[in-house]
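This report refers to the structure that appears directly beneath it.
The values are calculated or read from the model by the stated rules, or taken from the named source; none is laboratory data. This structure is a prediction, so every number in the text was calculated from the model and none was measured. Cβ atoms come from the backbone with ideal geometry, glycine included; neighbour counts cover every protein chain shown. Areas reflect the complete protein model, heavy atoms only, side chains present, ligands, DNA and RNA absent. Shrake-Rupley method; radii C 1.70, N 1.55, O 1.52, S 1.80 Å.
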Amino acid sequence: MTLAELSKKIGVSTATISRVLNDDGSVSAATKEKILHDLEAYGYQKRPRRKSSLVQNSDTALALIGKLTNPIAVAFLNGIHESLQAKGKRLLISVTDYDGVQELDALQYANRNGYCGVFLLNAVENPALISLLQDYPLPVVLVNRYLKALDLDVVTVDNYRCGYLATTYLQQKGHTKIAHIAGPESSITCQNRCRGYMDAMRDADLPCDYVYRGDRTYKSGYEIGTHIAALPREQLYTAIYCVNGSMAAGLQDAFRQAGICVPDDISLICNDTVNETLPGYLHLTSVDQEPQVMGSAAVDLLFERISNPQQPPHQILYSPALQECGSVKQLIE
């Protein structure tokens with residue numbers, strides 16, 4: 001029986017019952033005696049007080065991620081989870097849909113509930129986030145990104161190098177008309193990969209304005225691929241650098257349905273190998289990183305920060321590696 005139900009039966013407020021249960025001296029002796037008698041008559045038993053949630057949550061870290069559709073982001077989470085588990089800690093995941101307000105709510109939730117730290121996988125940089133993080137009491141580690149306005153602990157691949165490496169590889173294969181399928185401008189990761197593409201094109205005195213923007217999903221890649229496939233054949237690019245594997249899979253499917261063959265008609269290189277269960281993904285040349293290794297390194301940074309809160313921010317930068325899988329054609333010069 002709840003206090004509200006008891007209150008109706010014995011004719012006193014829940015607040016008065018609560019004061020009696022907590023031995024508050026503000027209730028008169030007669031009223032207290034009557035309430036205790038009625039509680040006994042109805043068989044009410046006070047539940048034991050629970051342990052502080054702050055103590056329980058001190059073994060829990062929070063990871064903020066935009067969506068769970070990106071296999072590379074999920075691999076980061078696996079690396080973080082496995083490393084935390086080995087340390088006897090737990091991981092709670094909050095999916096924010098790339099919404100800045102949801103990010104702020106999740107960060108405030110972690111702080112209120114005494115979590116041991118936060119991993120930001122898809123932070124959307126904005127003034128509200130920067131303002132909150134400037135005085136945020138919990139350790140924060142940025143994973144595969146950084147915030148331009150703040151110095152925080154960071155574990156990331158060199159995303160600028162990813163774009164430059166992929167584009168120069170295509171150039172070395174004889175390609176000059178190279179398009180880039182980019183991600184959202186709000187993403188620092190996508191910004192840096194696009195900047196690497198553009199610099200590589202400029203360094204080779206090639207036009208760098210063949211940029212299409214998507215949202216990093218298979219559906220987005222498919223829609224862009226459908227648009228490109230509708231171009232007259234003489235206007236088709238000879239090669240495309242795609243910002244991630246999910247969009248590259250959609251792009252490849254759209255080309256296949258339009259009768260455009262990779263790599264015979266158009267070459268394709270992407271960032272990040274993706275889960276082979278995704279439709280359209282097989283044998284794409286890619287610029288890769290080691291997300292599980294980086295996830296584990298992020299956990300190490302978090303515990304270094306917990307042990308020494310005053311130490312300067314650490315940034316761990318991993319180099320990308322090119323994996324050739326036959327989706328880029330050598331052009332005859």
Every residue from segment 246-270 that is part of a loop (DSSP other than H, G, I, E, B) and on the phi < 0 side of the Ramachandran plot = 258, 260, 261, 262, 263, 264, 265, 266
Of the residues in segment 241-295 that are at pLDDT below 95 and of a type in the set (Ser, Thr, Tyr), the one that is surrounded by the fewest Cβ atoms within 10 Å (Cβ to Cβ) is 277
Are any of the residues in segment 233-245 closer than 19 Å to residue 288 by Cα, assigned to a helix (DSSP H, G or I) and touching a residue at least 40 places away in the same chain (Cβ under 8 Å)?
-> yes
State the number of residues belonging to segment 140-166 that are touching a His at 6+ places or on another chain (Cβ under 9 Å) and among the charged types (D, E, K, R).
-> 1
Could you list all residues from segment 208-221 that are outside any loop (DSSP other than H, G, I, E, B) and either open to solvent by 70 Å² or more (accessible area, probe 1.4 Å) or under 19 Å from residue 166 (Cβ atoms) (or both)?
-> 211, 212, 213, 219, 220, 221
Scanning segment 1-43 for residues that are among the acidic types (Asp, Glu) and either at pLDDT below 75 or in contact with a Lys or Arg (Cβ under 6 Å, 6 or more places away or on another chain) (or both), which turns out surrounded by the most Cβ atoms within 10 Å (Cβ to Cβ)?
-> 24
For residue 227, indicate whether it is within 14 Å of residue 163 (Cβ to Cβ), touching a residue at least 12 places away in the same chain (Cβ under 8 Å) and either β-branched (Val, Ile, Thr) or not in a loop (DSSP other than H, G, I, E, B) (or both).
-> no
Report whether or not residue 197 is open to solvent by 10 Å² or more (accessible area, probe 1.4 Å), under 17 Å from residue 248 (Cα atoms) and among the aromatic types (Phe, Trp, Tyr).
-> no
Does residue 94 count as at pLDDT 90 or above, polar (S, T, N, Q) and touching a strand residue (DSSP E or B) at 6+ places or on another chain (Cβ under 7 Å)?
-> yes
Could you check how many residues of segment 305-333 are of a type in the set (Ser, Thr, Tyr) and in contact with a strand residue (DSSP E or B) (Cβ under 6 Å, 6 or more places away or on another chain)?
-> 2
So residue 237 fits all but one of (1) closer than 17 Å to residue 72 by Cβ; (2) of a type outside the set (Gly, Ala, Ser); (3) touching a helix residue (DSSP H, G or I) at 6+ places or on another chain (Cβ under 8 Å); what number is the exception?
-> (1)
When you go through (1) over 25 Å from residue 173 (Cα atoms); (2) modelled with pLDDT under 95; (3) open to solvent by 60 Å² or more (accessible area, probe 1.4 Å) one by one for residue 311, which number turns out not to apply?
-> (3)
